[in-house]
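Worksheet: one structure, shown below.
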Amino acid sequence: MSTANEQLPEIIQGGMGVGVSNWTLAKAVAQAGQLGVVSGTALDTVLARRLQNGDPDGSVRRAMAAYPDQDLAKAILDKYFIEGGKPADKPFKVLPMPSLQLTRTSVDMMMMGAFVEVWLAKEGHDGVIGMNLLEKIQLPTMPTLFGAMIAGVDYVLMGGGIPLMIPGILDGLAGIKSVELKVHVSGGEESYFQQFDPDEYCPVGITELKRPKFIAVISSDTLARTLVKRATGHVDGFVIEHHSAGGHNAPPRRGQYGPRDEVNLAKIRELGRPFWLAGGCASYDMLEAAKVDGAQGVQVGTAFAYCRESGILPEIKQEVIEKYFAHKLHVETDFNASPTGYPIKLIELDGYEVPDESTRRCDLGYLRSGFVSKNGEVSFRCPSSPVSKFVERGGSSDMCAGKQCLCNGLLSTIGLGQVRDGEVIPPIVTSGSDFSFLRYLLDSPHDSYGAADVVDMLQGRTKVS
Ligand SMILES: Cc1cc2nc3c(=O)[nH]c(=O)nc-3n(C[C@H](O)[C@H](O)[C@H](O)COP(=O)(O)O)c2cc1C
């Protein structure tokens with residue numbers, strides 16, 4: 001008998017960080033028979049903040065009660081849970097920033113954050129759940145994957161880089177074997193690796209875990225070929241992402257996007273692995289066209305980002321939808337804003353200004369990158385931190401121009417923003433450039449739609465009215 005796990009999905013709901021593709025969205029998509037994906041970005045902070053907000057519906061504590069090491073679950077609750085939630089004008093407690101050598105405190109939060117998100121997404125149905133991670137965010141990757149695998153994650157998807165080592169890491173973690181990840185460090189003459197021994201953290205009684213399928217999110221056929229040839233383990237498929245997609249995009253080959261940035265699908269087909277097309281694919285026609293091109297289906301982000309189940313604050317969803325209907329929605333590719341150096345698509349909201357330089361503070365650090373400091377040690381810095389700090393750490397002030405603090409801004413978009421000087425940090429909203437799906441999903445900007453409506457629309461079933 002074939003199970004849902006053996007069949008490849010036609011639709012992948014794209015991973016959207018931080019917390020836009022949360023467990024509620026991924027679960028709804030999986031229940032609609034497609035691949036629901038949780039974002040794996042910053043889940044340690046998401047966990048700590050949901051607990052400090054009092055976990056109002058009890059879901060986080062329900063998942064933690066299912067974790068096979070209850071001493072750890074209790075220790076985390078004791079540290080972060082606040083009955084009734086913290087006062088709205090008080091800041092959240094922040095977590096220590098990780099380094100090349102991981103501490104137990106960091107690993108515990110990364111693993112538990114990932115476990116909770118995947119466990120909740122999988123609760124009460126037998127559909128398939130994936131986790132999306134960004135290659136650029138390296139330090140939390142291995143413990144996050146391990147926590148997700150303890151919860152039985154079915155797929156791992158990774159974009160934003162060349163994830164050559166991840167397939168082998170998944171093989172190792174499945175066998176509870178030591179793994180290592182090469183960390184990008186500028187200015188060093190040697191290679192630097194982060195080590196992770198799952199045996200040290202593995203709850204008693206677990207001797208092996210399911211190895212999730214690995215899908216690389218890429219924007220070039222050369223990269224797909226490289227991954228097939230040189231990855232440390234099996235790559236089960238590809239999402240081919242066009243530069244119209246939401247979130248970060250691959251930089252253009254020449255100055256601006258043009259024909260050279262289009263992926264040669266014939267070359268992808270030659271690799272013989274399943275693939276999905278992403279970026280402006282949110283329609284029945286696009287899904288059918290993708291299949292004619294040999295794709296398994298499509299990955300869709302923006303259409304799911306604005307549905308009821310996603311993590312974006314309802315008032316932000318409403319504003320964006322109203323702007324679209326009023327022909328006032330502008331999605332701009334910003335080539336400077338992201339500390340990763342990749343272009344990112346942003347939407348300007350009313351009533352917020354980009355925080356000025358004097359208010360910048362790097363207290364989350366997910367997008368820091370490695371460098372070798374004067375004393376020869378590996379350290380980390382972010383161009384969205386205050387310029388003086390970045391320069392102190394050997395960076396050049398030019399690299400800070402136009403940078404925004406994505407870590408803090410994206411957390412504000414999902415209602416988990418830090419409070420500074422009594423005010424919540426302004427949100428940062430990323431989206432794809434194609435919103436034409438809204439005309440098929442909504443008759444009026446005051447209606448809303450669910451994840452299952454998006455799946456119905458993509459598969460050519462009825463328009464919602
Ligand atoms: C709000 C938002 C956040 C995103 N964050 C991520 C991310 O963290 N990792 C990733 O690989 N892709 C991310 N994406 C890209 C989506 O996974 C997906 O590939 C893309 O949105 C598809 O294009 P579409 O938006 O036109 O449907 C994001 C997209 C959106 C809209």
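The values are calculated or read from the model by the stated rules, or taken from the named source; none is laboratory data. On a predicted model such as this, the values are computed, not experimentally measured, just so you know. As a convention, Cβ positions derive from the backbone with ideal geometry for all residues, glycine included, and neighbour counts pool all protein chains shown. These area figures cover heavy atoms from the full protein model, side chains too; ligands, DNA and RNA do not enter into them. Shrake-Rupley method; radii C 1.70, N 1.55, O 1.52, S 1.80 Å.
Test Ser388 against the stated conditions and say whether it is outside any loop (DSSP other than H, G, I, E, B) and more than 26 Å from Gly40 (Cα to Cα). Before you say what the answer is, go through the steps one by one.
On the way: outside any loop (DSSP other than H, G, I, E, B): yes; more than 26 Å from Gly40 (Cα to Cα): yes.
Spelling it out, Ser388 is indeed outside any loop (DSSP other than H, G, I, E, B) and more than 26 Å from Gly40 (Cα to Cα).
Consider only pairs whose beta carbons are under 7 Å apart and that are at least six residues apart or on different chains; among these, list those whose first residue lies in the range 129-151 and is in a helix (DSSP H, G or I) and whose second residue is buried (at least 24 other Cβ atoms within 10 Å of the Cβ) and small (Gly, Ala, Ser). Qualifying pairs under 7 Å: Thr144/Gly40; Thr144/Ala114; Gly147/Gly113; Gly147/Ala114; Ala148/Gly40; Ala148/Ala114. In a residue-by-residue description of the range 111-123, the property of being assigned to a loop (DSSP other than H, G, I, E, B), surrounded by 15 or more Cβ atoms within 10 Å (Cβ to Cβ), among the β-branched types (Val, Ile, Thr) and in contact with a helix residue (DSSP H, G or I) (Cβ under 7 Å, 6 or more places away or on another chain) applies to no position. Among all positions in the range 254-275, there is at least one residue which is within 15 Å of the ligand (Cβ to nearest atom) and open to solvent by less than 20 Å² (accessible area, probe 1.4 Å).
When residues in the range 276-331 are screened for being of a type in the set (Val, Ile, Thr), within 14 Å of the ligand (Cβ to nearest atom) and without any contact (Cβ under 8 Å) to a residue 60 or more places away in the chain, 0 of them pass. When the range 179-194 is filtered for residues that are touching a residue at least 60 places away in the same chain (Cβ under 8 Å) and open to solvent by 20 Å² or more (accessible area, probe 1.4 Å), the ones remaining, listed by number, are His184, Val185, Ser186, Gly187, Gly188, Tyr192. Does the range 436-453 contain at least one residue that is within 22 Å of Thr333 (Cβ to Cβ), touching a helix residue (DSSP H, G or I) at 6+ places or on another chain (Cβ under 9 Å), hydroxyl-bearing (Ser, Thr, Tyr) and surrounded by 15 or more Cβ atoms within 10 Å (Cβ to Cβ)? No, the conditions are met nowhere in the range 436-453. Restricting the range 75-94 to residues that are of a type in the set (D, E, K, R) and part of a loop (DSSP other than H, G, I, E, B), the residue that is farthest from Val424 (Cα to Cα) is Glu83.
Of all residues in the range 230-250, those satisfying the criterion of being in a loop (DSSP other than H, G, I, E, B) and either of a type in the set (Phe, Trp, Tyr) or away from the ligand (no atom under 15 Å from the Cβ) (or both) are Ala231, Thr232, Gly233, His234, Val235, Asp236. Where residues in the range 313-372 are of a type in the set (Ser, Thr, Tyr) and either open to solvent by less than 40 Å² (accessible area, probe 1.4 Å) or outside any helix (DSSP H, G or I) (or both), which of them is nearest to Tyr192 (Cα to Cα)? Only one residue tops the list, namely Ser369. On the stretch given as the range 409-439, residues that are of a type in the set (S, T, N, Q), closer than 18 Å to Lys93 by Cα and modelled with pLDDT under 95 total 0.
Does Gly432 satisfy the criteria of being in contact with a Phe, Trp or Tyr (Cβ under 9 Å, 6 or more places away or on another chain), under 18 Å from Ser338 (Cα atoms) and part of a loop (DSSP other than H, G, I, E, B)? When the stated conditions are applied, Gly432 does not pass them.
Tell me, please, whether a residue that is open to solvent by less than 10 Å² (accessible area, probe 1.4 Å) and under 18 Å from Ala303 (Cβ atoms) can be found in the range 216-226. Working first, answer last.
Residues of the range 216-226 that are open to solvent by less than 10 Å² (accessible area, probe 1.4 Å), as a first pass: 216, 218, 224.
If we keep only those that are under 18 Å from Ala303 (Cβ atoms) as well, we get none.
No; the residues of the range 216-226 include none that is open to solvent by less than 10 Å² (accessible area, probe 1.4 Å) and under 18 Å from Ala303 (Cβ atoms).
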